[in-house]
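Student: Sharing a structure here in structure tokens format.
What follows draws every value from the coordinates through simple rules; no lab data is involved. Keep in mind the model is a prediction, meaning the values are calculated, not measured. Note that we place each Cβ from the backbone using ideal geometry, even for glycine, and neighbour counts take in every protein chain shown.
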Amino acid sequence: MIWFKKDIFKKKTLANGETDRDKSVRVPVGLWVKCESCSEIIYKKDVEKNLDVCTKCGHHYRIPARARIDMTIDEGTFKEQDQGVSPADPLEFKDLKKYKDKLRAAQKESGMNDAVVTGSGLIGGRRVFAAAFEFPFMGGSMGSVVGEKIARLIEGALEAKCGVIIFSSSGGARMQEGILSLMQMAKTSAAIARLKDAGLPYISVLTDPTMGGVTASFAMLGDVIIAEPKALVGFAGPRVIAETIKQTLPEGFQRSEYILEHGMIDMIVERRHMKDTLTRLLAMLGHRHGQ
Ligand SMILES: [Zn+2]
């Protein structure tokens, strides 16, 4: 009888030498989750209470844009802007699927028009213009809508004489919009330059992962650049680089800790300290405007 031959109880050995079977079997769906970093089984509500950080190993999970806004902006003060700006398909792009269909699926899944939420609100009582990326929306890629919303966010901050905070999480430029995506790098960088000319603070927060055209434009232009622990930050991914230079990359390459050591960012801040840190930084940087 064939089913007796199937090795359905085969144990997998984990990195720590324990076997997988005891831990993964009979876990009620939805109540417990297995940490993707330490493989511990943890109570989902504990993780949620802990701002989506593993209670055992401190792994920072990727979080939705709106959750990011909720944990950063003072309760009830966030006013979202430009929600209605929607993507077009100027190249009528098609690979395995039509770009239009991919967009429609991502919009349905996320309830958002594109990959970033922007708006203004208070942090520790101080008004700020903030953006957060939605990574599951086509890899948080920057097409014309993301670029336009970031530019408008900065224009709003200029008008209101406020600081800007951007939480990036992006695979880079949106290839389906071709050169129109690449133009967003120049557009957003130019907007940041105007903010700097006006002496207004811009804090860039890099979360896992921040790559490609986003890293190569506004994400690296912060007056202060913060990263969450162990976030992947770079331009091309580690696999592409290793294949190009035909060398083995060092341990922890392109992770927050590595890039801090190499001077690319100013600090690594755990999620539980993020709001306090931002509040303090804005108070310091916003001083000259008497905000
Ligand atoms: Zn963990």
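Student: What's the angle, to the nearest 10 degrees (0 to 90), between helix 99-110's Cα axis and the longest principal axis of the chain?
Tutor: Taking the Cα atoms of the chain, the angle to 99-110 is about 80 degrees.
Student: Right, here's the next one. As a check on your grasp of the helix formula, calculate [θ] at 222 nm for the chain: sum -39500 (n - 2.57) over DSSP H runs of n ≥ 4, divide by the residue count, round to the nearest 500.
Tutor: -10500 deg cm²/dmol
Student: Kindly express, to the nearest 10 degrees and within the range 0 to 90, the angle between helix 178-197's C-alpha long axis and the longest C-alpha principal axis of the chain.
Tutor: 50 degrees
Student: Which one of Met267, Cys57, Ala157 has its Cα pushed farthest toward the positive end of the charge dipole of the chain, where Lys and Arg give +1 and Asp and Glu give -1 at the Cβ?
Tutor: Ranked along the dipole, the leading option is Cys57.
Student: For the chain, what is the charge dipole size about the Cα centre, in debye to the nearest 20, if Lys and Arg each add +1 at the Cβ and Asp and Glu each add -1 at the Cβ?
Tutor: Here the size comes out at about 760 debye.
Student: With all pairs of different alpha carbon atoms counted, what Kirkwood hydrodynamic radius in Å does the range 70-166 show?
Tutor: 14.3 Å
Student: Give the shape of the range 157-239 as rounded, prolate or oblate, defined through the alpha-carbon gyration tensor: a ≥ b ≥ c are the square roots of its eigenvalues, a/c under 1.5 means rounded, and otherwise the shape is prolate if a/b is larger than b/c and oblate if not.
Tutor: It comes out oblate by the Cα gyration axes.
Student: Is the C-alpha gyration tensor of the chain telling us rounded, prolate or oblate? Criteria: a/c under 1.5 is rounded; beyond that, a/b larger than b/c is prolate, otherwise oblate.
Tutor: prolate
Student: Something else now. Count the net charge of all other residues whose Cβ sits under 13 Å from the Cβ of Glu109, scoring Lys and Arg as +1 and Asp and Glu as -1.
Tutor: 0
Student: Hey, another quick one. Please list the radius of gyration and Dmax for the range 195-291, considering alpha-carbon atoms only, with Å as the unit.
Tutor: 15.2, 53
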